[in-house]
Amino acid sequence: MNLLEIDAGMIDWSRAQFALTAIYHWLFVPLTLGLALVMGIMETIYYRTGKEFWKQTAKFWQKLFGVNFAMGVATGLILEFEFGTNWSNYSWFVGDIFGAPLAIEGIVAFFMESTFVAVMFFGWKKVSKGFHLTATWLTGLGATISAWWILVANSWMQHPVGQEFNPETVRNEMVSFSDVALSPVAIDKFIHTVLSAWVLGAIFVAGVSAWYLLKKRHLNFARSSLKISAIVGFASSLLIAVSGDHSAYTVAQTQPMKLAAMEALYDGGNDQGLTIVAAVNPFAQPDYANEKEPGMKIAIPNLLSFLATHDFHGFVPGVNDIIRGYTKDDGTVELPLDEKIHRGQAAITALHNYRLGKQNGDETVMREEGAILKENMAYFGYGYIKDADQIVPYIPVCFYAFRIMVGGGCLFILLFALILFYLRKGKDILRPRWLLHAAFWCIPLAYIVSECGWLVAEFGRQPWTIQDMLPTWVGVSDLQSSSVVTTFFLFLILFTTLLIVEFNILRKQIKKGPDLGEE
């Protein structure tokens, strides 16, 4: 592909359109996963007790689940089509690998949740209680499995494994499905993402229940829903803190530049502290080459070293260390950027010569150039890098999004703990109205925290569509940016309309309340 033929605006607009679709899509997905767990627990209580109250409680939350589920499907389908329309070079280069988990997600998981969601909504009077309960749990399980395969695909982009480059086809081909599907990055990302969705779902249920309590409506329903959501949310929040610790270690091992951007760590070293707050300019990329560290920095001593290496005295590289090259604690050497660029260019040149040798039927050239290509293929993507600035993510977004995510998670642990405290015997949850207001206003905060998690994950790996293998400007389709500009604004209008429609439907359903008869 001749990069000079690519419309420069096509790169930015394709990234903007994909980001737009992903952000809107993620507004719907976590609530789907979170409500699936909560309503499954509620229907299980109905199955075991036979109380009509729990049936109507489960049905109410299932209505809200259904509205959100439909919106998530609409945005998710568009997201997958964009790989073929806007990122055709990426799809050609790694489609054999990336397409496999997405195909499984569509054939197995999506089919599963779509099938059982119909039984869940329309089968109350048509199937037995046990079968309906099974359908409810399988709907949630299908959504969770769907998330698994999508996150496998995303994690492979963050840490490509289980593939081998074929110079004959100029494609990466899968050589180990288990390596792709069970990558440590994929497992960490799945656990962390699903737990975060459970927290958001619990916050949503708690916030809506708090609103009923503030309005003194459906008090028994609200207390019961609040209790279940607080238990789910508190347990999930604690577990997500544990999974976050392991995720930090994985990121440090596989994407050290992302960790450096998250911490605004310019010059690393041993005994690194975890930054709590620092004066990082939110509107400009810092001069990391000349700044020793951000001003007004408050950090917990040695904690970053422990999170990144499981050693309080471990070495953590900063942005400049990664650019200059460094030696890891285990003695292995990380090459400087200049050497990676040199090897990447050697790989690109070898691929070109290999293709020429194939055209001319020269097996000697093919064998020699193939050996050079294989030796340097790990640095293939660096052959398109021109300077160090291109491999450094936008530090302010990574830095502040990470702190919003962590700070919000700590706040949610406190919120759920207080709710459980006041719900215990002898405590009146109606009395501390500030807590109910806090629970309600945590709903939008939970969405902000959730989106910040994805901002860290995706901004932190820039400029790579595939880590170390393919920069964003090499993966785009050879189209005119005007076509993407048009669809960008069409999608913006469509997704915003869908969001407004969902918000209004949810608001009306919540104002109407559950059909409980006389409580």
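The values are calculated or read from the model by the stated rules, or taken from the named source; none is laboratory data. All values derive from a computational prediction rather than experimental measurement. Note that each Cβ is placed from the backbone with ideal geometry, even for glycine, and that neighbours are counted across all protein chains shown. Note: areas computed on protein heavy atoms with side chains; ligands, DNA, RNA excluded. Shrake-Rupley method; radii C 1.70, N 1.55, O 1.52, S 1.80 Å.
You will find that of 57, 21, the residue that is under 25 Å from residue 458 (Cα atoms) and open to solvent by less than 30 Å² (accessible area, probe 1.4 Å) is 21 and no other. Restricting attention to region 341-368, the residues that are of a type in the set (A, V, I, L, M) and closer than 30 Å to residue 389 by Cβ total 6. Hey, does region 267-283 have a residue that's assigned by TED's automatic domain parsing to the domain that holds residue 462, in a loop (DSSP other than H, G, I, E, B) and open to solvent by less than 50 Å² (accessible area, probe 1.4 Å)? Checking region 267-283: not a single residue is assigned by TED's automatic domain parsing to the domain that holds residue 462, in a loop (DSSP other than H, G, I, E, B) and open to solvent by less than 50 Å² (accessible area, probe 1.4 Å). For region 287-300, the condition holds for no residue, the condition being that it is part of a helix (DSSP H, G or I), surrounded by 12 or more Cβ atoms within 10 Å (Cβ to Cβ) and in contact with a Gly (Cβ under 7 Å, 6 or more places away or on another chain). Scanning region 284-304 for residues that are hydrophobic (A, V, I, L, M, F, W, C) and touching a helix residue (DSSP H, G or I) at 6+ places or on another chain (Cβ under 7 Å), which turns out farthest from residue 469 (Cα to Cα)? Only one residue tops the list, namely 304. State which residue pairs qualify: first residue without any contact (Cβ under 8 Å) to a residue 24 or more places away in the chain and more than 27 Å from residue 474 (Cβ to Cβ) and inside region 447-462, second residue open to solvent by less than 40 Å² (accessible area, probe 1.4 Å) and among the basic types (Lys, Arg) in any location, beta carbons under 8 Å apart, and separation of 6 or more residues or different chains. Listed by first residue and then by second, the contacts come to nothing, as the list is empty.
Here region 370-384 is the region considered, the condition is being of a type outside the set (Phe, Trp, Tyr) and within 26 Å of the chain's Cα centre (by Cα), and the residue that is surrounded by the most Cβ atoms within 10 Å (Cβ to Cβ) is 381. The set of residues in region 1-18 that are surrounded by fewer than 17 Cβ atoms within 10 Å (Cβ to Cβ) and at pLDDT 90 or above contains only 16.
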